[in-house]
Each structure stands twice: as C-alpha cells, then as structure tokens.
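Structure first, commentary second.
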Amino acid sequence: MPSILQSTQGEIGKILWLHHEHFQWEMPSSNRAKGARGGARQLKRQVLRHALASSVSRVVRNSQAVASEISATEQEAQTPLTYNEKMLANYVPVFVMLPLGVVTVDNVLEDKDGLERQLKELRAAGVDGVMTDVWWGIIESQGPKQYDWSAYRSLFQLVRECGLKLQAIMSFHQCGGNIGDVVNIPLPPWVLDIGESDPDIFYTNRTGNRNKEYLSLGVDNRRLFYGRTAVEIYSDCMQSFRETMTAFLEDGFIIDIEVGLGPAGELRYPSYPRNQGWVFPGIGEFQCYDKYLKAEFKEVATSEGHPEWELPDNAGTYNDTPESTEFFGSNGTYLTEKGKFFLTWYSNKLLCHGDQILDEANKAFMGCKVKLAAKVSGIHWWYKADNHAAELTAGYYNLKDRDGYRPIARMLSRHYGILNFTCLEMRDTEQSADAKCGPQELVQQVLSAGWRENIDVAGENALSRYDRDGYNQILLNARPNGVNKEGRPKLRMYGVTYLRLSDDLMQKTNFNIFKTFVKKMHADQDYCPDQGKYNHHIGPLERSKPKMTIEYMLEATEPTEPFPWDKETDMSVGGALANLIDKIFSMFK
C-alpha cells in the first residue's frame, strides 16, 4: 500500500493539473489565444494559488482519512458491491416543506398532535426529512437581539423524534404577498417602525411604491437599525440560532441551512409583487429607486464618466409586455451602452449582496456538520423572448449571449454552497405560449451552471402538484440522464424538496402517488438513513474560500451549452394509462 506521503504528493500533483486544465477551459477563447499575457496571467496565478492552498490544506488535514479511504477501497475490491449498493449511488433524498404557519406569528407551535401524525406518515413513506422557514419576524419580534427560539426548539424536537432530518431556512423576509402565501408574518415590528421614519430602507419602484417584504440591499451596510447594519442583523440572528440549536447541529439532525437573501427567501429583487397588483405574466418592475440605491447608481455612473445617466424611466409597469416598453422592445434600451451599464450594476449588486451574507452565514456555522444553501427563483416567463424581461427586472441579467446564473453558482462555490432552484415540475407545454415561457430550458441552464462550477444543486416545485406528469418532470430533472446500474449517474441533483405538506397531499390517492414518487427518487431503493451510502458526506463546514473579484465572477457570464437531458425519466411514476385509472377510481369515491 502506498504511503500517506506518496498519496498526498500524488494528490497535489493532480490538483495542480486539474486546476490548470479547468482554467484553460473556463477562460474565454480570446484570452486563451493570448496565452499567459497581461491580466489573464495574473488572474490565473491568483486562482491557482487560492485553489492550491485550499486543496493542499484539505489533503494534509485529511491524511488519516486518506489512509482509511485506501483501506476501504482495498476492502471493496475484495468484496464486490451488490446491485442495491450500486443503485444507492443514484439515490436522491426527498424532503417536504412544512406549512408556512407551522409556528404561528405569536410564536406558538400549531397543532402539534396533528403535525406529529403527518410527520410519522411521511417517515413511513420513506421521506428523508422536512424543510421549514425560521421566520425573523417571529423570533426577534420583541426588540433588537431579543430572540425567542422556544417554538422552533419544540418543532425541531418533534421532527427529530419522528425520525426525519431537517433543512432550516433563515427567512429574513415577510410571509405574505407572494404566490402560495396563506398566512401573514411581517418583518419585526421594531424594523417596521424604523421604516415609518425612513421608508427608503425598503425596496422601491419607479413610482415610489415601497415593498416591505425584505430590506433593500441598499441598506446592507448602513447603521440604521439601532447602531447595526442589515447584514449585522442577519449575522447576529444566525449566530444566535447556532448557539441555541447547538444540540440539533452537533448530532447531524440539521443538515442544511438555507440563507434567505431576498423576497420569498430567494436571491432576487421583489420585481413581481402580487400585493402591488402584479399578475402573471407581467414583466415586473426594477426595484432600485430608494434613495440609497439611487445615490449609489449616480456615484458609480459619475465615476465611469456618465454623470448624466439616470435609472431607467422607460421600462414599463408590472403587467406590461416587453414589446410595449421602450426599454425591452426591439432594439430597446437594454441593448445600448447605457442599458448594459445599468443591468450590470443592478445584477452585480445582487451578486455582492448574496456573497456578503453567505460569508456571514459561513462564519456563524463554521465547524458545524451542515451545508449552506441559497435559493434562486425560476422566472420562466419571457425566457424565450430575446429580452428575458422578467428575469432582468428580478436581477438575473440573462440573455442569449450572457449567462446570468453561472456567476451566482461561482459565487456560491466560494462558500461551499448548494444552489437551490425552483419550477422543477413545470413543462413548456403546460405554460402560456403568449408569455414565451421556457421552464424546461431554464432548469437545464441553471442546473448546468451549478454543475459546471462544481457545486451541488437542489430544487423544488414552484406550485403544488399531485399528478404523475409533475412528478415525472421532477424525476427527469433530478437525474437528467437516468440511473446508472453500475454506480453514480452522470448527473444527479443533491436533493429535492416537495412543496408542501398539506391535507391535499395526505389525501389517500394523492399520497399513494407521492409514495411512488419518493421510491423512484430513491432509485427503487428503500429509505437509507446513512447519507454516506449515497455519497452525501457532510463534514464540518470549512471557512469560505478567499473573496472573489467581481471580474472573476463575471467571467462566468460567457454562455455555454447546457448538459443534455433525456426526453423522459427512466424512473416514471406512471403515464397516461395510470392517469386514466386514477380518474376512473376518483369517480367512485
């Protein structure tokens, strides 16, 4: 057996070669042609130095683990894997989102007995765990740094007793005003009070309407909250969560911390608020007209030699179509130098917002055996239009010649984060042709962006679905090229969260189909409590990698073809015949 030193030296050599190859492939072709000249040479050295330092550190730190791996590998060579052991490599865990108001606005665990019955049914169905919002508006409602986690401790204890794992969302947004919101949980009252005297702490559209779902990223670093910045508020809250929930974090019960970065917990601007009259498929509106963001834009434009440039005033209103506006129309403002400057600034602000808060989350949970995650919204309407208007107003600067999602994935890679995406259940044929929807292509693009940046991708359905077609689409996206009966599949999502637990889901016919879906997500294998058996090793969270320059993140905007998808899943829950049988049975209920 080779020595640990030899193994380590070989690993370092491989790391150097891999990073060299990765850099060559990811560098734009124009830069590759110039070889190692100028800024490319300096950037390459910087990337290699950071990557090598991080990788060598892990190799040395895990030398004993390397020895164990070698021993385990030798043992495996002597004992061939069984069919079921090979198929476990295709296993995708399934989580179920708990109701929005499982903890009430008054900080009380709602209907504990009823919830316990449902959780036990989920466990019996093979579900791996549940996801729940942890509402900032509930736990810090009494005043700055006055945290009350009691109801959530009770909830977590109940979930653990039912044998389920937990994904926790640090929900720094309001509940209410978005699709599917059936309860109202506002931001903490003391924050809303500050907004009464300074309404510019909230996102604002061109006509001055304020959105109280989430604090404007324009106040991320402004000490407007009793001496604290918005980022410090989020950081303090996450640190308090860690200190209070230590027992749940140490025993591996909490496996994911999804960090809320905007409305609905998503990294985006609140560009399509239903509580301000938006209806599908309106293009939405830009949300950067509070005094703080307006001042920042003016400062940046002036520094670039264009003090005359202002924020857009020709991008229409919430329910306009792209072609009815001057900004998004054919040969519109979005294609001009001024329009490109604005869209770059607008999307970069979002990128830096996510990066800064995830860095704080990393510091808060460093050393815990958890993964960090961030959610990106599935804005599929107008995706097939040249202007991608609805994505642009939300902050995703995504066009045919510019990838708006891969820079987000690259930013997440700095924090070892999971990219959580929505609308996994949607098919193009189910959507409005007039709105030029493209959910299937959008999912392909975003998941491919994550995989190309070597991060895990997870996802969820955007709307509640109980039909086989919706489940089959999720299954296809979970393993785009099907299962591999000899081991790991080509592509596999890290996990899928079903939205959401409800009486409708637990209805007998619906739940029977759901149980089949869970089994197929598990590649026809029984529930597996050992995450390591399907290659989900969750070690202590490491410190984030060195800060990336915005220029390096934006290199990822170079468009690339997404990975190929099969036409249909090879783990179907049933097709047209099964649907017909379901309908016949439903007639005799």
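Go through segment 283-316 residue by residue and tally those that are without any contact (Cβ under 8 Å) to a residue 60 or more places away in the chain and either part of a loop (DSSP other than H, G, I, E, B) or under 21 Å from Y214 (Cβ atoms) (or both). First the steps, then the outcome.
Just the residues of segment 283-316 that are without any contact (Cβ under 8 Å) to a residue 60 or more places away in the chain, to begin with: 294-295, 297-310, 314, 316.
If we keep only those that are either part of a loop (DSSP other than H, G, I, E, B) or under 21 Å from Y214 (Cβ atoms) (or both) too, we end up with 294-295, 297, 304-310, 314, 316.
Looking only at that region, the number is 12.
Which residues, taken from segment 338-387, are outside any loop (DSSP other than H, G, I, E, B), open to solvent by 40 Å² or more (accessible area, probe 1.4 Å) and touching a strand residue (DSSP E or B) at 6+ places or on another chain (Cβ under 8 Å)? Matches in segment 338-387: K371 only. For segment 482-519, a residue qualifies if it is farther than 18 Å from D456 by Cα and of a type in the set (V, I, T), and the qualifying residues are T509, I513, T516, V518.
Apart from one condition, G252 fits all of (1) outside any helix (DSSP H, G or I); (2) of a type outside the set (S, T, Y); (3) modelled with pLDDT of 95 or more; the exception is (3). Being open to solvent by 10 Å² or more (accessible area, probe 1.4 Å) and either in a helix (DSSP H, G or I) or within 22 Å of R160 (Cβ to Cβ) (or both) is a description that applies to F511.
Regarding Y234, is this residue touching a residue at least 24 places away in the same chain (Cβ under 8 Å), in contact with a helix residue (DSSP H, G or I) (Cβ under 7 Å, 6 or more places away or on another chain), crowded, with 22+ Cβ neighbours inside 10 Å and assigned to a helix (DSSP H, G or I)? Yes: the conditions hold for Y234. Test each condition in (1) open to solvent by 10 Å² or more (accessible area, probe 1.4 Å); (2) closer than 23 Å to D434 by Cβ for Y396 and report the one that comes out false. Condition not satisfied by Y396: (1).
Taking the stated definitions as given, is S240 open to solvent by less than 50 Å² (accessible area, probe 1.4 Å) and either touching a helix residue (DSSP H, G or I) at 6+ places or on another chain (Cβ under 6 Å) or more than 22 Å from L372 (Cβ to Cβ) (or both)?
Details: open to solvent by less than 50 Å² (accessible area, probe 1.4 Å): yes; either touching a helix residue (DSSP H, G or I) at 6+ places or on another chain (Cβ under 6 Å) or more than 22 Å from L372 (Cβ to Cβ) (or both): no.
Spelling it out, it is not the case that S240 is open to solvent by less than 50 Å² (accessible area, probe 1.4 Å) and either touching a helix residue (DSSP H, G or I) at 6+ places or on another chain (Cβ under 6 Å) or more than 22 Å from L372 (Cβ to Cβ) (or both).
Remark: V183 matches the filter, which requires a residue to be surrounded by fewer than 18 Cβ atoms within 10 Å (Cβ to Cβ), touching a Gly at 6+ places or on another chain (Cβ under 9 Å) and hydrophobic (A, V, I, L, M, F, W, C).
Here is the figure for segment 440-487: residues that are open to solvent by less than 40 Å² (accessible area, probe 1.4 Å), charged (D, E, K, R) and in a loop (DSSP other than H, G, I, E, B) total 2. Considered as a group, the residues in segment 196-227 that are in a loop (DSSP other than H, G, I, E, B) and among the charged types (D, E, K, R) include one that is least open to solvent (accessible area, probe 1.4 Å), and that residue is D220. Is it the case that P80 is under 30 Å from M571 (Cβ atoms) and modelled with pLDDT under 95? Considered against the rule, which asks whether it is under 30 Å from M571 (Cβ atoms) and modelled with pLDDT under 95, P80 comes out as yes.
Residue pairs whose Cβ atoms lie under 9 Å apart, separated by 6 or more positions or on different chains, with the first residue in segment 132-145 and farther than 17 Å from A168 by Cα and in a loop (DSSP other than H, G, I, E, B) and the second open to solvent by 10 Å² or more (accessible area, probe 1.4 Å) and among the hydrophobic types (A, V, I, L, M, F, W, C), are S141/V105; S141/W190; Q142/W190; G143/W190; P144/W190. Considering segment 430-439, the residues that are closer than 29 Å to D503 by Cβ and either among the charged types (D, E, K, R) or part of a helix (DSSP H, G or I) (or both) include one that is farthest from the chain's Cα centre (by Cα), namely E430. Note on segment 146-169: residues that are of a type outside the set (S, T, Y), closer than 16 Å to A247 by Cβ and in a helix (DSSP H, G or I) amount to 8. Taken together, L399, L372, L412 contain a single residue that is closer than 16 Å to S347 by Cβ and in contact with a His (Cβ under 8 Å, 6 or more places away or on another chain), which is L399. The residue pairs whose first member lies in segment 189-205 and is in contact (Cβ under 8 Å) with a residue 40 or more places away in the chain, whose second member is open to solvent by 20 Å² or more (accessible area, probe 1.4 Å) and part of a helix (DSSP H, G or I), and whose beta carbons are closer than 7 Å, counting only pairs six or more residues apart or on different chains, are D200/K291; D200/Y292; I201/I194. Is one or more of the residues making up segment 527-536 assigned to a loop (DSSP other than H, G, I, E, B), more than 29 Å from R410 (Cα to Cα), open to solvent by less than 50 Å² (accessible area, probe 1.4 Å) and modelled with pLDDT of 95 or more? Looking through segment 527-536, at least one residue is assigned to a loop (DSSP other than H, G, I, E, B), more than 29 Å from R410 (Cα to Cα), open to solvent by less than 50 Å² (accessible area, probe 1.4 Å) and modelled with pLDDT of 95 or more.
Whether a residue is modelled with pLDDT under 95 and of a type in the set (S, T, N, Q) was assessed, and S586 passes this test. The residue of segment 317-333 that is least open to solvent (accessible area, probe 1.4 Å), among those that are under 18 Å from W381 (Cα atoms) and assigned to a helix (DSSP H, G or I), is P322.
Please verify whether segment 128-148 includes one or more residues that are open to solvent by less than 70 Å² (accessible area, probe 1.4 Å), touching a Gly at 6+ places or on another chain (Cβ under 7 Å) and hydrophobic (A, V, I, L, M, F, W, C). Spell out how you get there, then give the answer.
In the first step, residues of segment 128-148 are kept if they are open to solvent by less than 70 Å² (accessible area, probe 1.4 Å); the result is 128-141, 143-144, 147-148.
This time we only want the ones that are touching a Gly at 6+ places or on another chain (Cβ under 7 Å), so: none.
No, there is no match, as no residue in segment 128-148 is open to solvent by less than 70 Å² (accessible area, probe 1.4 Å), touching a Gly at 6+ places or on another chain (Cβ under 7 Å) and hydrophobic (A, V, I, L, M, F, W, C).
Taken over segment 528-583, residues that are farther than 21 Å from M426 by Cα, in contact (Cβ under 8 Å) with a residue 12 or more places away in the chain and among the small types (G, A, S) amount to 3. Taking (1) open to solvent by 10 Å² or more (accessible area, probe 1.4 Å); (2) part of a loop (DSSP other than H, G, I, E, B) in turn, D193 satisfies each apart from (2).
The values are calculated or read from the model by the stated rules, or taken from the named source; none is laboratory data. All values derive from a computational prediction rather than experimental measurement. Don't worry about glycine lacking a Cβ; one is built from the backbone with ideal geometry, like all the others, and counts go over all protein chains shown. All accessible areas refer to the heavy atoms of the entire protein, side chains included, with ligands and DNA or RNA removed. Shrake-Rupley method; radii C 1.70, N 1.55, O 1.52, S 1.80 Å.
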